Amino acid sequence: MAPNLCAAVLLLAGVGILYGLSTLEGGLREAGKLAARFQLLTEHSVQGVVVTDGKRILYANPAVRAIYGLPLGQGNFTVIADLPPDIFSDEQLLRQHRLLQEGKVDIASWEARCEVAGGRELELRFEAWRVEWDGAGATQILITDDTERNASARALVHQATHDKLTGLPNRTVLIQRLKEYCYLADGSLHCTLVVLNIDRFKLFNQSQGHVTGDHVLKAFAAKLKEALGARAELMRLGGDEFAIVDPDEGNADDIAARLHNACLQAIKVPAGEYFIDASMGMAVFPDNAGNAEALLRAANAAMYQAKRTPGTSLVMAEQRFEQMSSKSLDNEQALRKGIRNHEIYLDYQPKIDAVTGRLLGFEALARWLRPGVGTVSPVEFIAIAERTGLITELGGMLLEQGCRQIAAWWADLGDCVPVAVNVSPMQLLNRGFLELVERILADTGIPPRCLTLEITESAAVDNLDDTRLQLQRLSALGIDVAMDDFGTGFSSLSMLRQLPLSTVKIDRGLIDPLPAPDAVAVVKAICQLAAALDLQVVAEGIETLEQAVSARDCGCHALQGFFYARPLTVADAGEWMRREQAEAAAGNAAGVLAD
């Protein structure tokens with residue numbers, strides 16, 4: 001071989017060797033970088049990182065040592081079998097390692113409760129995948145300690161499902177339990193539900209204070225829980241309302257007796273001893289209802305029936321109770337719509353002069369023609385309005401409606417007899433009531449003498465000072481005020497003297513027995529009292545000639561009732577006033593001719 005050619009071959013070989021060495025050195029440097037990066041990522045991670053071949057722990061980062069409190073991966077390989085039992089949930093780890101190495105799964109995950117060094121019990125979450133370690137297949141495991149997070153989550157769930165004061169399960173748990181117990185449509189699983197409400201607890205809080213009230217609630221809850229059977233569960237639904245759920249079949253009578261006895265015992269709290277009454281409604285699945293929601297409705301309806309009985313009482317559910325509750329809610333909703341849609345209107349019942357028989361005025365009476373139902377009694381819908389707080393809105397609407405009708409009659413006839421509009425206690429004592437009256441008078445332009453407001457006797461008795469002040473303001477506007485239903489409450493001479501009234505209306509309950517001597521004596525005494533106070537007297541409920549004559553003879557100034565007329569429509573009431581005006585005009589003309 002030529003010398004030059006040999007030199008060239010040697011040169012190329014040397015270059016190849018140098019390039020190979022350089023490449024190897026570069027690979028080693030790159031591998032070192034990767035190892036450094038891996039260590040950097042894992043050594044400072046808060047999650048545990050473990051590499052295992054299924055028998056030994058090949059690598060464990062500091063977080064693993066912190067989690068388990070063991071010297072894992074410090075210089076020597078650690079054999080899994082030498083570790084405390086369940087530290088990696090051995091069997092599950094080996095199974096997941098095998099599945100990963102066989103390529104049957106790409107990523108495995110599981111959870112386990114593990115007891116670690118120091119006797120601590122941790123809730124750990126594992127995620128694993130296949131890796132290559134020192135040229136052989138291995139499994140890398142990411143370990144997350146969820147102990148604190150799970151504890152916080154459980155605390156939040158407990159807070160959302162339990163009452164803070166008593167620690168009892170709340171309404172959310174009640175619904176869940178009922179659904180669990182009432183899931184079989186064939187009724188093969190039974191369940192007893194009791195809804196319990198402490199009577200007059202609001203009054204207790206007002207008189208004793210909320211701190212003592214809270215003590216009583218906690219002590220009462222403890223007493224109920226002690227009295228119930230082992231399987232019965234007590235919940236607090238809020239305020240002074242509790243619920244008891246018992247899945248034992250045929251245990252209803254025993255529960256009722258236990259609860260009744262518990263309520264008879266004194267409640268001992270730091271402020272003293274107290275006795276409380278409770279109203280309880282009981283419903284049994286599937287006897288009284290076919291699902292959880294219906295069972296709760298039935299028990300609630302029975303509880304409200306129990307409230308009608310004084311003292312501690314328990315009422316078993318009946319279908320009619322639930323129907324009544326459903327009807328009541330339906331009526332409430334319909335009344336709200338009725339007010340909004342102006343379905344409530346006024347009829348007008350005449351008041352007649354007891355001596356001359358002439359028309360003295362009208363009383364405006366509310367009527368409700370409910371679509372699809374027909375006429376609803378005012379006794380019913382006025383009670384609903386008062387119970388729901390709608391009475392202020394309804395009363396204001398009817399007052400304005402009555403005043404606008406007065407204005408219409410005034411414009412048509414040139415005059416109008418006084419029209420009395422009823423005012424509820426809640427409406428009368430509302431701070432904005434006087435401003436409402438002033439606005440309506442200004443808007444309609446009617447003379448104040450044409451409007452009379454009728455208040456109930458109970459409103460005056462319950463709130464004498466506030467009522468007197470409000471009536472003084474109304475009187476200053478030129479509006480007469482009449483006391484309705486007089487004689488049914490607790491009126492006194494002193495009260496009548498203090499209130500700026502123009503009229504008292506004797507309740508129909510005192511007029512109905514006329515002309516019986518004892519009834520005559522009562523009505524005559526009222527008329528004499530009214531005369532001494534310069535008050536007009538109206539007798540309500542006149543239905544016969546004998547009653548009319550007797551009421552007149554007792555001293556009543558005006559008479560009102562079916563004997564003269566039932567409540568009239570706007571057109572009929574206007575026609576009555578036209579006749580009165582025509583007769584008065586004819587009488588005046590006759591007088592002029594006679595002169």
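The values are calculated or read from the model by the stated rules, or taken from the named source; none is laboratory data. Just so we're clear, the structure is a prediction, and the values are computed from it rather than from any experiment. Cβ: placed from backbone, ideal geometry, glycine included. Neighbour counts: every protein chain shown. When the accessible area is computed, the model is the full protein with side chains, heavy atoms only, and any ligands, DNA or RNA have been set aside. Shrake-Rupley method; radii C 1.70, N 1.55, O 1.52, S 1.80 Å.
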Exercise. Considering only the other residues whose Cβ falls under 14 Å of the Cβ of Ala551, what net charge follows from Lys and Arg at +1 and Asp and Glu at -1?
Worked result: -2
Problem set entry | Label-to-label distance, nm, for residues given as Ser152 and Lys179 (7 Å Cα→Cβ offset) | 2.8
Problem set entry | Length gained when the stretch Glu115-Arg231 is fully extended (0.36 nm per residue, less Cα-Cα span) | 38.5 nm
Problem set entry | Loop-resident sites, segment 379-471, for trypsin sites (Lys or Arg not before Pro), counting at most 14 other Cβ within 10 Å (DSSP) | Arg431
Seminar exercise, completed: Counting only protein heavy atoms and leaving out ligands, DNA and RNA, the solvent-accessible surface of Val51 at a 1.4 Å probe, in Å² to the nearest 10, equals 0
Exercise. Residues with beta-carbon under 9 Å from that of Glu457, excluding Glu457: net charge, scoring Lys, Arg +1 and Asp, Glu -1?
Worked result: -3
Exercise. Largest first, what is the accessible-area ranking of His97, His342, His158, His215 with a 1.4 Å probe?
Worked result: His342, His158, His215, His97
Exercise. Roughly how much of Val570 is accessible, in Å² to the nearest 10, using a 1.4 Å probe?
Worked result: 60
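Just to verify a number: FRET efficiency for Lys524 and Phe562, C-beta to C-beta distance, R0 = 30 Å, to 0.05?
With a Förster radius of 30 Å, E is 0.80.
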For this session: Kindly sort Thr161, Thr172 by accessible area of their heavy atoms, largest first, with the probe set to 1.4 Å.
Result: Thr172, Thr161
For this session: Would you please report the Å³ per residue occupied by the convex hull of the alpha carbon atoms in segment 272-382?
Result: 227
Seminar exercise, completed: Among the Cα-Cα pairs of segment 252-322, the proportion with separation greater than 18 Å, in percent, is 44
Exercise. On average, how much accessible surface per residue is there in segment 338-494, in Å², for a 1.4 Å probe, leaving out ligands, DNA and RNA?
Worked result: 44
Exercise. In whole percent, how big is the carbon plus sulfur part of the accessible area of segment 302-447, probe 1.4 Å, protein atoms only?
Worked result: 53
Problem set entry | Accessible-area order (highest first, 1.4 angstrom probe) of the listed residues Asp484, Asp465, Asp53 | Asp465, Asp53, Asp484
Seminar exercise, completed: Charge tally for neighbours of Arg367 with beta carbon under 15 Å away, counting Lys, Arg as +1 and Asp, Glu as -1, is -3
